[in-house]
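Heads up, the thing below is written out as structure tokens.
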Amino acid sequence: MHQPTDAPATDAEKRRTLAGIIARQLDQIAPGTARVRTVPVTAVLDGEQRRKVWVSLDDALGQPIEADRAAHRAARGLLRRMLPDADWSRPHVYDAITGELTDDAPTMPEELL
């Protein structure tokens, strides 16, 4: 018989809980979202350079999710709120299946270095 404990949650348990919350909220924002890719870009708007963030919502097969601008904005906002320690000035990919946020900056293949 399993006895409930009052022991504090471990870091791994906290990460799993957070990943579950993010996955459910992403699915509410854009059903089927398994991956969110963010890429900061510089755009010239009205003759002025501005930093923008390009957001891609993909399903588990890597195919784009049909979603409007508000859904893309909401997904980015969710990740920024839930993962405040991330350096959002860099490209990232968030995997809602694993709960992993990884740096998605392009790199040169080792054999070309």
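The values are calculated or read from the model by the stated rules, or taken from the named source; none is laboratory data. Just so you know, these numbers come straight off a predicted model, no measurement behind them. Note: ideal-geometry Cβ built from the backbone for every residue, glycine included; neighbour counts use all protein chains shown. Side chains included, ligands, DNA and RNA excluded: accessible areas come from the protein's heavy atoms. Shrake-Rupley method; radii C 1.70, N 1.55, O 1.52, S 1.80 Å.
Among the residues of the range 84-101, which ones are within 17 Å of Gln25 (Cα to Cα) and part of a strand (DSSP E or B)?
Hits for the range 84-101 are Val93, Tyr94, Asp95, Glu100, Leu101.
So that you can scan it fast, the table gives a plain yes or no per residue for (1) over 15 Å from the mean Cα position of the chain (by Cα); (2) among the charged types (D, E, K, R); (3) more than 15 Å from Leu101 (Cβ to Cβ):
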residue: Leu45; (1), (2), (3): yes, no, yes
residue: Arg50; (1), (2), (3): yes, yes, yes
residue: Trp54; (1), (2), (3): no, no, yes
residue: Ala60; (1), (2), (3): no, no, yes
residue: Gln63; (1), (2), (3): yes, no, yes
residue: Ala67; (1), (2), (3): yes, no, yes
residue: Ala70; (1), (2), (3): yes, no, yes
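Hey, among the residues in the range 62-101 that are more than 14 Å from Ala19 (Cα to Cα) and polar (S, T, N, Q), which one's most open to solvent (accessible area, probe 1.4 Å)?
In this case the residue turns out to be Gln63.
Quick one: count up the residues across the range 2-61 that are open to solvent by 40 Å² or more (accessible area, probe 1.4 Å), farther than 15 Å from Arg80 by Cα and assigned to a strand (DSSP E or B).
Selection size over the range 2-61: 8.
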